Amino acid sequence: MTGELLAGASGVTVHLNGLDRSSTVEVIVALTVLAVAPSLLILMTGFTRILIVLGLTRNALGLQSIPPNQVLAGIALFLSVFIMAPTISKVDHRAVQPYLSGRIDAVSALKAAETPVKTWMLRQTRTTELDMLTSAAHEKVVAPADEPITTVVPAFLLSELRSAFIIGFVIFIPFMIIDLVVSAILMSLGMFMLPPTLISLPFKLLLFVLVDGWTLVVHSLLLSFR
C-alpha cells in the first residue's frame, strides 16, 4: 500500500512506501498499550496496596508531606516491579517473545499474557469479593481460573484495599499509644493549651528510627503478597 501526503503550503510531497495494514494495526496497538500502561500498573499489580500502606504510615507518624508523594509513589513503583518480576518474566517468555518472533499472532499473545497475570491476581483475591462480583454479573463459573478478567480485576482491587487498611491499622496502633500517653501526661501537668501532637511527634520519629520502621513496613508488605 502506497500513501501520499501533500503539504500544500510548501508544495512538498512525501511518499510512504511499503506500509501495509498489519504494521499499522501493530503501531495502533502499541500506542494503546502505552496509553493504558499507568492504569494497568495501578489496577493489576500490588501498587495500590503498597502506596496506601506507605501513605497511612506517613499519616500515623503525623507527617503530612514528608516523605513527599513522589517519593512514596516511586517506592511503590519499584516494589511493584520487584514483586511482579516472576510474573513479568512469564509474560515475556510465553507471550512477548513468541509474538516478536512471529510464532503467534496478537490475539494469542494477549491470551497468553493474561493467564499468568490473572493467576497472580487470583492468589491475592479473597473468595468473598470474587463471589460477590460473579453473582452480580450473573456468571456461572466452575473454577476461579475460568473467571473473566473483567471480574477478576475489580475483585482484586477490593481485596487490595482491604489488605492495605488492615496493615495500616496495625501500623497505627503503636503511634496511637504514644499519642495517648503524651496526652495523659500533659493533662496531668495541666498543660491543656499545648498540642499533644507537637510533643509526641519527636518520640514517634525516634521510635520509628530505632526499630528501622521503613524496612519493617516494606518487609511486611513483601510478606503480605506471598
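What follows is calculated from the coordinates using simple rules that are stated; it is not laboratory data. Bear in mind that the values here come from a model prediction, so they are computed numbers and not experimental data. FYI the Cβ positions are ideal-geometry reconstructions off the backbone, even for glycines, and counts take in every protein chain you see.
Does SER163 satisfy being of a type outside the set (Val, Ile, Thr), under 23 Å from LEU40 (Cα atoms) and touching a helix residue (DSSP H, G or I) at 6+ places or on another chain (Cβ under 8 Å)?
Yes: the conditions hold for SER163.
Of the conditions (1) within 30 Å of LEU43 (Cα to Cα); (2) over 19 Å from the mean Cα position of the chain (by Cα); (3) in contact (Cβ under 8 Å) with a residue 12 or more places away in the chain, LEU201 satisfies every one except a single condition; which number is it?
It is condition (1) that LEU201 fails.
State the number of residues belonging to the stretch 208-221 that are more than 14 Å from ARG58 (Cα to Cα) and surrounded by 14 or more Cβ atoms within 10 Å (Cβ to Cβ).
1
Looking at SER135 and the list (1) touching a helix residue (DSSP H, G or I) at 6+ places or on another chain (Cβ under 9 Å); (2) among the polar types (S, T, N, Q); (3) loosely packed, with under 15 Cβ neighbours inside 10 Å, which single condition is not satisfied?
Result: SER135 passes all but (1).
Inspect the stretch 102-113 for any residue being in contact with a Pro (Cβ under 8 Å, 6 or more places away or on another chain), among the small types (Gly, Ala, Ser) and buried (at least 19 other Cβ atoms within 10 Å of the Cβ) and give the result as yes or no.
Checked the stretch 102-113: at least one residue is in contact with a Pro (Cβ under 8 Å, 6 or more places away or on another chain), among the small types (Gly, Ala, Ser) and buried (at least 19 other Cβ atoms within 10 Å of the Cβ).
Within the stretch 83-93, how many residues are out of contact with any Gly (no Cβ under 6 Å at 6 or more places or on another chain) and over 11 Å from VAL117 (Cβ atoms)?
5
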